[in-house]
């Protein structure tokens, strides 16, 4: 999937890459009432199967990374599936193959550590909650955590926004 950054001002695009969540296992797939989103044996979270998808959009709301997009005309959820037709044949996904700066890179952890610089992190924290993924963020050396809540607080402080108290997560029982 490719998103337009600001369609009115630029033709610039960016790929929206699925993080292929491991723990919890693919929230998008877990909430699908008709099991339209399957996970391959090697952990790749697939796009919704068109013959099964009922267009409920649960997957769109459940994804902590905002990856699934709902195509209203097709009445179908669409998302990155790691170019499974390519990666299952030991080829790179198109985003990594075509990236001119190699900011998007495809390979295993050991390969990364031998070829690249930075600290690979595959756990994203949302305050007290964490999501472990098959896809890694690459952060500066010495960085051990990637906490979205901390980044939001820093951004609010930079623009002079008010600090909001953090609510505890709760579940209805």
Note: among 43, 8, just one is in contact (Cβ under 8 Å) with a residue 40 or more places away in the chain, surrounded by fewer than 17 Cβ atoms within 10 Å (Cβ to Cβ) and in a loop (DSSP other than H, G, I, E, B), namely 43
For the range 21-34, which residues satisfy the criterion of being assigned to a loop (DSSP other than H, G, I, E, B), in contact with a helix residue (DSSP H, G or I) (Cβ under 8 Å, 6 or more places away or on another chain) and under 21 Å from residue 74 (Cβ atoms)? 31, 32, 33
When the range 48-68 is checked residue by residue, the ones that are over 20 Å from residue 131 (Cα atoms) and either touching a helix residue (DSSP H, G or I) at 6+ places or on another chain (Cβ under 6 Å) or buried (at least 17 other Cβ atoms within 10 Å of the Cβ) (or both) are 48, 53
Does residue 74 qualify as being out of contact with any strand residue (DSSP E or B) (no Cβ under 6 Å at 6 or more places or on another chain), surrounded by fewer than 17 Cβ atoms within 10 Å (Cβ to Cβ) and within 23 Å of residue 14 (Cα to Cα)? yes
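Every number in this text was worked out from the coordinates using simple rules, so none of it is lab data. In this text, all values refer to a predicted model and were calculated from it rather than measured experimentally. As a convention, Cβ positions derive from the backbone with ideal geometry for all residues, glycine included, and neighbour counts pool all protein chains shown.
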